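For reference, the structure is listed below as structure tokens.
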Amino acid sequence: MQTTIQRTIRFSRIKILLVIILIIGIFFRFIYLDKKIYWDDEVFTSLRVSGYTSEEFEKQLYTHIVSFKDIQSYQFPNPERTTFDTIKGLATEEPQLPPLYFLLTRFWVQLFGNSVLVTRSLSAVFNILTIAVIYWLCRELFESPLVGWMAMALIALSPFHLLYAQAARQYSLWGLITVLSSVVFLRARRINNKFSWVLYSITVALGLYTLPLFFLVTFGHGIYMIAIEKFQFNKTVKNYLLSFAVGTLAFFPWMILIILSADKARQTTNWIKYSFKYGIPELVFSWLNHIARLFLDLANKFNFTYTNPFPYIIPVIAFVALTFYAVYYLCRHTAKETWLFILSLIVTSVLPLILLDLILGGRRSGITRYLIPSYIGLQISVAYLLATQVTSHWIQLWQQKLWRLLIVVLFSLGIASYTVISPAQVWWNNGPSKIGQIPAIIPVVNQTEQPLIISDAKWSDLVPLSYSLKPNVKFQLVRQQELPNIPQGFSDYFLYKPSQDLREGLEKRVGYQIKPVYQSNNIWLWRLSKK
């Protein structure tokens, strides 16, 4: 009896700690949410939400001097554009992206207002819901509620999940639907009635309309179903196949659109076929690095790259070893129905991408946001390991204390990562190569009275800068291989990301002097003045 009481007290203390962790995690998802640079992928999200296209943006804003308001008019919904225009813009320019997330974001912004904070907050809400639903999934998989609490805490303090909870993209929604669909799938298999399978078919359709990569999640469910039912074509398997077919059929119209627009889809995703500079070794290095980022991410403090792995390589190896051991421990100590499901979620989400990279070349498996289902499976495995070790009566007390210390260390590192990530305006996931110098540029331009920024860069490179500048800043967008007529009446003239042709043309043919505003290997901002 005393042992049972002690376990109850111990669980209550752990539960209190985990509740505190959850509160901290939720708090950090909203702090500084509008202070980070609005990067190019988010700019395209807002363009889709507004119902405009890139072609319309360029056609109307490349002809005259424009203001902050002119640019922002293409970033938020307005009465002139409807939800149909949002769908049309995706179908025309980005058919590989289904419309569910963008429609939800459009409704969210219309409901709560036009701002970066509001647009990003929907992803934060989706991620918080994921934290809640992960508990439900763990209750379907394990008998111990502590595993569910531990899984919620690990995701709540995961730097990886924080980054995508604060980004105006569909990946946070994809994580939510992955967990929700998995819960509904397991419950449907257990109950095996018509209503439960109808719910599963709905989650399949929602997942596919969020991201076509959701097919990999459903593929994992199918492998699990076939294996666990021992390749028998029984009623449960029939119900699964029927619900999967219904969910897929609902996605069929957009699937046809993707097929018919395959050339456009390949054009907009062409970058994923290019391998890392150092080939397969660097690709493998990125796999290990991203697993470690589930627990620790101090990228701006430590320049941790393939060519500069120290001193960060030590915690990377430690976290990867912990994660792999957790998967091994899960397979050894849980029923087949449990470990097989988690293993199928991990493997089927990443293995096809790895094979494509190894056979065709590319970096698909090195892109973290594509591996969200796999990472969720890994974190559930770690949650099971930690939960069982701190409450197990099969190991000695000193071993339990070591595992508790490890939990404290993991959570402390998560909090440390959050304190570094939150105030940072740029992080590794939001394209530092495209927005990395913006924090240095902003104060230079904002301290001038009536500046004009001239640029022949892509419009998507210019819009992120506009979000952080004062309303008095004006812009002159120039098409490639064209020289602008420089207007009078501005206090300062700047070139932002100018091409070599633009710089040389203004210097040689027009007679302007161009000087860098600051020193850098690749200067983005130049000051323009008459000789």
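A few comments on the model shown:
- Relative contact order (%) - the range 367-521, alpha-carbon pairs under 8 angstrom, separation at least six: 17 percent
- Taken over the range 384-521, the convex hull of the Cα atoms encloses 158 Å³ per residue.
- Viscosity 1.567 mPa s, 4 °C: Kirkwood-radius Stokes-Einstein D of the range 381-441 over Cα pairs, µm²/s: 89 µm²/s
- The range 501-515 versus the range 414-465: alpha-carbon centroid distance in Å: 26 Å
- Positive-end extreme of charge dipole, the range 387-499 - chosen from Gln450, Thr388, Pro423 (charges on Cβ): Thr388
- Trypsin sites (Lys or Arg not before Pro) lying in DSSP loop within the range 223-316, provided at most 10 other Cβ fall within 10 Å: Lys230, Lys277
- Whole-Hz couplings from phi, Karplus 6.51/-1.76/1.60, listed for the range 94-109; x for Gly and Pro: 9, x, 6, 10, x, x, 4, 4, 5, 5, 4, 5, 4, 5, 4, 5
- Euclidean distance of C-alpha centroids, the range 252-298 and the range 321-397, integer Å: 20 Å
- Candidate aspartates and glutamates for bridging to Lys235, where Cα separation is under 20 Å - those fewer than 8 sequence places away on the same chain excluded: Glu337
- The value of relative contact order for the range 128-248, using C-alpha pairs under 8 Å at least six residues apart, is 24 percent.
- Among the listed values (1) 25.4, 91; (2) 31.1, 109; (3) 51.0, 149, the one computed from these coordinates for Rg and Dmax of the Cα atoms in Å is (1).
- Cross-link pairs Lys69/Lys474; Lys36/Lys301; Lys301/Lys515; Lys59/Lys470; Lys69/Lys470 - those with Cα-Cα distance over 19 Å: Lys301/Lys515; Lys59/Lys470
- Between 0 and 90 degrees, the angle of helix 336-360 with respect to the longest Cα principal axis of the chain falls at about 40 degrees.
- The alpha-carbon of Lys273 sits under 22 angstrom from the alpha-carbons of these lysines, leaving out residues fewer than 8 places away in its chain: Lys264, Lys434, Lys458.
- For the range 226-233, 3J(HN,Hα) per residue [Karplus equation, 6.51 cos²θ - 1.76 cosθ + 1.60, θ = phi - 60°, Hz, x = Gly/Pro]: 5, 5, 6, 8, 6, 6, 9, 8
- Seen against the Cα atoms of the chain and their longest principal axis, helix 145-156 is set at about 10 degrees.
- For the range 199-244 versus the range 55-103, the gap between their alpha-carbon centres in whole angstrom: 35 Å
- Relative contact order (%) - the chain, alpha-carbon pairs under 8 angstrom, separation at least six: 18 percent
- For Lys401, a cut-off of 17 angstrom between C-alpha atoms picks up these lysines, skipping any fewer than 8 places away in its own chain: Lys15.
Values quoted throughout were computed directly from the atomic coordinates according to the rules given, and no laboratory measurement underlies them. Just so it is clear, the model here is predicted, and its values are computed rather than measured. Note that we place each Cβ from the backbone using ideal geometry, even for glycine, and neighbour counts take in every protein chain shown.
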